[in-house]
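Visitor: Here it is, the structure in full.
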Amino acid sequence: LPGARYVSPVPSGGFVVSEECGDVKVFSSSHKLLCSLSSKYAHCFGNPAGVCVDRHGSILVADEQSHTVHLFPEDGAPICLVSAGLRRPAGVACSSFGQLFVADAGENCVKVFR
């Protein structure tokens, strides 16, 4: 994994990893590559950073270069959840109450979205 940055477990027992200036990859519980998000969704990442997985198995990715957070559902097209108000989104986390936490390294704070 060239430039591995952030990692998060997935409900199936595997994990997801972001690569600096590259891609986001999903692995099975036996550590085998299941897919690349850029290939599966025809999505172009700038600099993927923080990753997390919500309770439905959708993968959320903070992209530092595009200043966005995208949701990648198991089925369907990616959805841009946050497209404004982020200077350098680094880490992301989901709560069981539907909140999205984004660590914005450009503003030295954590932003909370519903």
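The values are calculated or read from the model by the stated rules, or taken from the named source; none is laboratory data. Keep in mind the model is a prediction, meaning the values are calculated, not measured. Ideal geometry is used to build each Cβ from the backbone, glycine not excepted, and the neighbour counts take in all protein chains shown. Each accessible area value is taken on the protein alone, full model and side chains, heavy atoms only, with ligands, DNA and RNA left out. Shrake-Rupley method; radii C 1.70, N 1.55, O 1.52, S 1.80 Å.
Visitor: Determine the per residue accessible area of region 4-113 with all protein chains present and a 1.4 angstrom probe, expressed in square angstrom. Before the final figure, lay out each step's value.
Guide: Numbers: 5570 Å² over 110 residues.
Roughly 51 Å² per residue, with all protein chains present.
Visitor: Please find the FRET efficiency linking Cys109 to Cys44, where r is the Cβ-Cβ separation and R0 is fixed at 30 Å, and quote it to the nearest 0.05. Can you show the working numbers first?
Guide: On the way: r = 28 Å, r/R0 = 0.92.
The pair Cys109/Cys44 has a calculated efficiency of 0.65.
Visitor: Another one. Using label points projected 7 Å from each Cα along Cα→Cβ, tell me how many nm separate Leu1 and Phe97, to one decimal.
Guide: It works out to 3.0 nm between the two label points.
Visitor: Follow-up question, since we're still on this one. Within 10 Å, count the other beta carbons around each residue, average over each peptide in 70-76, 57-63, and list them highest first.
Guide: 57-63, 70-76
Visitor: How far apart, in nm, are two points set 7 Å out from the Cα along the Cα-to-Cβ line at Ala90 and at Ser36?
Guide: Distance between the two pseudo-spin positions: 2.7 nm.
Visitor: Please state the equivalent ellipsoid semi-axes for the chain: what are the square roots of 5 times the Cα gyration tensor eigenvalues, largest first, in whole Å?
Guide: Working: eigenvalues 85, 49, 33 Å².
That gives 21, 16, 13 Å for the three semi-axes.
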